[in-house]
Amino acid sequence: MKKESVIKLLKYAFGIIMGFIILAIVIGGLLFAYYVSRSPKLTDQALKSVNSSLVYDGNNKLIADLGSEKRESVSADSIPLNLVNAITSIEDKRFFKHRGVDIYRILGAAWHNLVSSNTQGGSTLDQQLIKLAYFSTNKSDQTLKRKSQEVWLALQMERKYTKEEILTFYINKVYMGNGNYGMRTTAKSYFGKDLKELSIAQLALLAGIPQAPTQYDPYKNPESAQTRRNTVLQQMYQDKNISKKEYDQAVATPVTDGLKELKQKSTYPKYMDNYLKQVISEVKQKTGKDIFTAGLKVYTNINTDAQKQLYDIYNSDTYIAYPNNELQIASTIMDATNGKVIAQLGGRHQNENISFGTNQSVLTDRDWGSTMKPISAYAPAIDSGVYNSTGQSLNDSVYYWPGTSTQLYDWDRQYMGWMSMQTAIQQSRNVPAVRALEAAGLDEAKSFLEKLGIYYPEMNYSNAISSNNSSSDAKYGASSEKMAAAYSAFANGGTYYKPQYVNKIEFSDGTNDTYAASGSRAMKETTAYMMTDMLKTVLTFGTGTKAAIPGVAQAGKTGTSNYTEDELAKIEATTGIYNSAVGTMAPDENFVGYTSKYTMAIWTGYKNRLTPLYGSQLDIATEVYRAMMSYLTGGYSADWTMPEGLYRSGSYLYINGTTTTGTYSSSVYKNIYQNSGQSSQSSSSTSSEKQKEDKNTANDANSSSPQVETPNNGNATTPNNSNQTVPGTGHGNGNGNNNTVPNGN
């Protein structure tokens, strides 16, 4: 090819490239102009004010004014120079040089993000202030439109206000945690002093908090707060804003030095605290907005009267004779027909000086024991077609965890022989539950639980009798919120509704978003009814008789977790309470019950897991349920109607097309009940349940029903591979010890 042709071709290619670049610039400019033309108006009011949000209950009655309680502004001439230096050193070193947008910082951040695994922002203090005043701070909301408007408003702000005014707006507007807005408010709340009276170390702490107020809370996370403060001090020293002596002295000061006892002044009743914490979280999730500053009207699903009643049940001795003030309760009550959370409370005698503290109702760090049996074992077996009758014959006999020599027991260390599935649930026997999970299969059970909003990275056979899981952590497992939602699917005929706290949000510009209940099919209607029919007997003849309410059609399941033998020995040595003397000791006692309208899930226990429940304490969960459900129902609730696809014969329900005899499959017996050397990742930890002495057991408790065919061989054999170990369960609770004390109700 001739040289002239090559040059001509290169010129042609260059022209095309430049054309595209020019076109991109033109389009980008037009798009920027379009976005800018729709920017909100820059006003003093938006930059100065912090708009509180109004929260309403399910009857549209105002229950809280969030964000109005703690604000004290500081004037520009009262801001210490060390605070100015601390803020600019950590947030925007070129604040006094740029005009709202820092191109050097943007390019530096882009290069850092390109070569580093951790990301770095390029926003100036001006842009951060604009975000606080007009936009969401969520990373997911960093759209081109939003960014264009943010840049434009930052540039306009620099033209309208001085640097001193902009920095003052920022200092007065930032959220600092624990309900505090602005750094002067926080200085008085945390240290009992004005800003000018604070040390360099204290000012550096304040400067570092806005990036992550919860993470850098010196009360709740002192180590993280101190690390962040020291980072600010290091930047101040590098920028020559403080001397080496001042730096060393400040770094050596404990972050808690000078902190006062945190006192909260709430604009809402204390019994609303846990529920409102979930409302705040849901609003942030749905809108990306900070409820404390966005000026919203938030309409919730809370039943104020029910919430107050629940609080009274927890915190008075009118309904329940509590042994002490330390015993804790966490519960969630849902409208089973739509997933609306009408009441929730995460603890007794909560600290009134802490707002939006720990809400145990939504935490998954405790074990829900045998309340897992219906949702992880029996319902999956029915829904998948493995079992087609509530009279399904199950064998409560000698059983070894698959692939191990570890034997599974119940609380009584006995086996009751062949029984119906209904009796196995009613009497909360462990072996039949694990066999039901084996019959359904781990994958089927995992998928079934996911449709009910409960997730595990992988399922273990131990999850038939325990919510803990050796492969998971506190992000997985069960909580009162999750269990109420899961059991609601039994109550309403098989539909799962995600727990919902908020039904409508009105924004400051007059627009609104409405959130209607949206359910998904989790199981067949026949499965839900069969489970309810069996769980009703738990309250009439089984382990949950103390939850029964005359005139109320209801169903439910008890659940108790266990201690290992090592843990029991430690408890006995430190407390002088002996398991052999008190009958049963447990770290967790639970109950999940429901009517056709309401579902309630309750956890009871102590914050210190090694403080045991025993004796009458093991009945508190059912007593709380009975007291609260009596209030909600007024002593009456209609029974369920049997759906098409089922028929009843005697005490049991059957899927249409199946017979009342021969429901037991010999292939299932060979593959499941014989239990010969299968391997699994199941745990040796048994679900430990309290001993019940109720004499009203079902007629078929110790023998097979004449309607159910009993196989010839009733006992499981020792597995071929007996040398495998069984992985532990529990979130660091020691349940991995093979020497567990078996219980099971």
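In table form, for the structure just shown:
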| item | result |
| --- | --- |
| Residues within segment 568-589 that are in a loop (DSSP other than H, G, I, E, B) and over 24 Å from Gln427 (Cβ atoms), tallied | 3 |
| Subset of segment 279-300 [of a type outside the set (A, V, I, L, M, F, W, C) and either in contact with a Ser or Thr (Cβ under 8 Å, 6 or more places away or on another chain) or farther than 16 Å from Ile342 by Cβ (or both)] | Ser281, Lys284, Gln285, Lys286, Thr287, Gly288, Lys289, Asp290, Thr293, Gly295, Lys297 |
| Sole residue being assigned by the TED database to the domain that holds His98 and more than 22 Å from Glu72 (Cβ to Cβ), chosen from Tyr237, Tyr216 | Tyr237 |
| Flag for Tyr35 being over 22 Å from Ala207 (Cβ atoms), buried (at least 18 other Cβ atoms within 10 Å of the Cβ) and at pLDDT below 80 | yes |
| Close pairs (7 angstrom Cβ cut-off, 6 or more residues apart or separate chains): free of Cβ contacts under 8 Å to residues at least 40 places away in the same chain in segment 494-505, surrounded by 21 or more Cβ atoms within 10 Å (Cβ to Cβ) and of a type in the set (Val, Ile, Thr) anywhere | Gly494/Thr527 |
| Members of segment 146-203 found to be in a loop (DSSP other than H, G, I, E, B), in contact with a helix residue (DSSP H, G or I) (Cβ under 8 Å, 6 or more places away or on another chain) and of a type outside the set (Lys, Arg), listed by number | Tyr161, Val174, Asn178, Gly182, Asp194, Leu198, Ser199 |
| Set Lys557, Lys607: member being in contact with a Gly (Cβ under 9 Å, 6 or more places away or on another chain), charged (D, E, K, R) and crowded, with 24+ Cβ neighbours inside 10 Å | Lys557 |
| Criterion: over 17 Å from Ser355 (Cα atoms) and in contact with a strand residue (DSSP E or B) (Cβ under 8 Å, 6 or more places away or on another chain) - qualifying residue of Asn301, Asn315 | Asn301 |
| Residue in segment 254-265 that is modelled with pLDDT of 95 or more, crowded, with 20+ Cβ neighbours inside 10 Å and under 30 Å from Gly208 (Cβ atoms) present | yes |
| Residue list for segment 63-83, filter: surrounded by fewer than 21 Cβ atoms within 10 Å (Cβ to Cβ) and not in a loop (DSSP other than H, G, I, E, B) | Asp65, Arg71, Ala76, Asp77, Ser78, Leu81 |
| Filter result (of a type in the set (Gly, Ala, Ser), more than 31 Å from the chain's Cα centre (by Cα) and part of a helix (DSSP H, G or I)) within segment 215-258 | Ala250 |
| Residue within segment 329-336 that is of a type in the set (D, E, K, R), assigned to a strand (DSSP E or B) and in contact with a strand residue (DSSP E or B) (Cβ under 8 Å, 6 or more places away or on another chain) present | yes |
| Single residue of Met272, Met334 found to be closer than 26 Å to Tyr631 by Cα, modelled with pLDDT under 95 and among the hydrophobic types (A, V, I, L, M, F, W, C) | Met272 |
| Breaking point among (1) more than 19 Å from Phe169 (Cβ to Cβ); (2) buried (at least 18 other Cβ atoms within 10 Å of the Cβ), for Ile90 | (1) |
| Counted residues, segment 448-468 - those being touching a residue at least 40 places away in the same chain (Cβ under 8 Å) and either surrounded by fewer than 24 Cβ atoms within 10 Å (Cβ to Cβ) or under 19 Å from Gly494 (Cβ atoms) (or both) | 7 |
| Those residues of segment 568-596 which are surrounded by fewer than 18 Cβ atoms within 10 Å (Cβ to Cβ) and in contact with a Gly (Cβ under 6 Å, 6 or more places away or on another chain), in sequence order | Val582 |
| Failed condition for Gln500, given (1) modelled with pLDDT under 95; (2) over 21 Å from Phe591 (Cβ atoms) | (1) |
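Residues checked against (1) in contact with a strand residue (DSSP E or B) (Cβ under 8 Å, 6 or more places away or on another chain); (2) part of a strand (DSSP E or B); (3) of a type outside the set (D, E, K, R):
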| position | (1), (2), (3) |
| --- | --- |
| Thr527 | no, no, yes |
| Lys536 | yes, no, no |
| Leu539 | yes, no, yes |
| Pro550 | no, no, yes |
| Asp566 | no, no, no |
| Phe591 | yes, yes, yes |
| Ser596 | yes, no, yes |
| Thr604 | yes, yes, yes |
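The values are calculated or read from the model by the stated rules, or taken from the named source; none is laboratory data. This one's a predicted model, so the numbers in the text were calculated from it and none came from an experiment. All Cβ positions, even for glycine, are placed from backbone atoms using ideal geometry, and neighbour counts span all protein chains on display.
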